[in-house]
């Protein structure tokens with residue numbers, strides 16, 4: 001089997017967009033920072049989100065059955081840190097900025113590059129993580145630029161489009 005540290009070092013070279021994933025419903029409101037998000041298909045519009053099953057927020061997502069992927073802009077790096085910090089209570093995380101519910105009731109951050117409001121269609125467990133396959137029901141997009149990515153264990157800002 002491949003050495004875990006070596007695998008993690010290799011995966012650190014895979015850049016990922018920075019997202020705050022949120023949910024609200026019968027279990028309550030929760031959120032976390034993730035880079036393990038990608039498209040699955042556009043017919044129907046479906047994406048996936050990976051989450052560690054040991055996360056405090058995990059049962060909120062499973063029981064609520066909905067989530068919102070909030071793709072962050074470069075100027076929102078601090079928000080990423082807030083939702084990644086286990087020492088900050090959920091209520092305080094959400095109190096630091098304005099959120100509004102979309103169709104599923106999951107909190108959407110209006111200043112995000114894009115918000116994908118989703119119903120969790122399938123839950124698959126593998127290793128230490130759960131993969132949520134999510135049907136996108138609604139989407140809202142802002143004019144914010146540039147984007148925020150995580151690469152080589154650090155944040156980086158994508159260059160703004162010169163043509164815009």
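Here residue 96 qualifies as surrounded by fewer than 16 Cβ atoms within 10 Å (Cβ to Cβ) and touching a helix residue (DSSP H, G or I) at 6+ places or on another chain (Cβ under 8 Å).
Does residue 119 satisfy the criteria of being within 16 Å of the chain's Cα centre (by Cα), touching a residue at least 24 places away in the same chain (Cβ under 8 Å) and either surrounded by 19 or more Cβ atoms within 10 Å (Cβ to Cβ) or assigned to a loop (DSSP other than H, G, I, E, B) (or both)?
Numbers: within 16 Å of the chain's Cα centre (by Cα): yes; touching a residue at least 24 places away in the same chain (Cβ under 8 Å): yes; either surrounded by 19 or more Cβ atoms within 10 Å (Cβ to Cβ) or assigned to a loop (DSSP other than H, G, I, E, B) (or both): no.
Taking the combined requirement at face value, the residue does not satisfy it.
Residues checked against (1) on the phi < 0 side of the Ramachandran plot; (2) modelled with pLDDT under 95; (3) under 15 Å from the mean Cα position of the chain (by Cα); (4) part of a helix (DSSP H, G or I):
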| site | (1), (2), (3), (4) |
| --- | --- |
| 22 | yes, no, yes, no |
| 47 | yes, no, yes, no |
| 54 | yes, no, no, no |
| 68 | yes, no, yes, no |
| 82 | yes, no, yes, yes |
| 104 | yes, no, no, no |
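Name the single residue, out of those in region 134-149 being assigned to a loop (DSSP other than H, G, I, E, B) and touching a strand residue (DSSP E or B) at 6+ places or on another chain (Cβ under 8 Å), that is nearest to residue 120 (Cα to Cα). Per the criteria, the residue is 142.
Matching residues to (1) in contact (Cβ under 8 Å) with a residue 40 or more places away in the chain; (2) over 22 Å from residue 53 (Cβ atoms); (3) out of contact with any helix residue (DSSP H, G or I) (no Cβ under 9 Å at 6 or more places or on another chain):
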| position | (1), (2), (3) |
| --- | --- |
| 83 | yes, no, no |
| 88 | no, no, no |
| 101 | yes, yes, yes |
| 109 | yes, yes, no |
| 115 | yes, yes, yes |
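Scanning region 44-73 for residues that are touching a residue at least 60 places away in the same chain (Cβ under 8 Å) and within 10 Å of residue 27 (Cβ to Cβ) gives 61, 62.
The residues of region 70-80 that are assigned to a helix (DSSP H, G or I) and either on the phi > 0 side of the Ramachandran plot or in contact with a strand residue (DSSP E or B) (Cβ under 9 Å, 6 or more places away or on another chain) (or both), listed by number, are 74, 75, 76, 77, 79, 80.
Note on region 122-131: residues that are free of Cβ contacts under 8 Å to residues at least 12 places away in the same chain, assigned to a strand (DSSP E or B) and farther than 10 Å from residue 48 by Cβ amount to 1. The residue of region 1-20 that is modelled with the lowest pLDDT, among those that are exposed (fewer than 12 other Cβ atoms within 10 Å of the Cβ) and part of a helix (DSSP H, G or I), is 11.
The values are calculated or read from the model by the stated rules, or taken from the named source; none is laboratory data. Just so it is clear, the model here is predicted, and its values are computed rather than measured. A quick note on method: Cβ atoms are made from the backbone with ideal geometry, for glycine too, and the neighbour counts reach across all protein chains shown.
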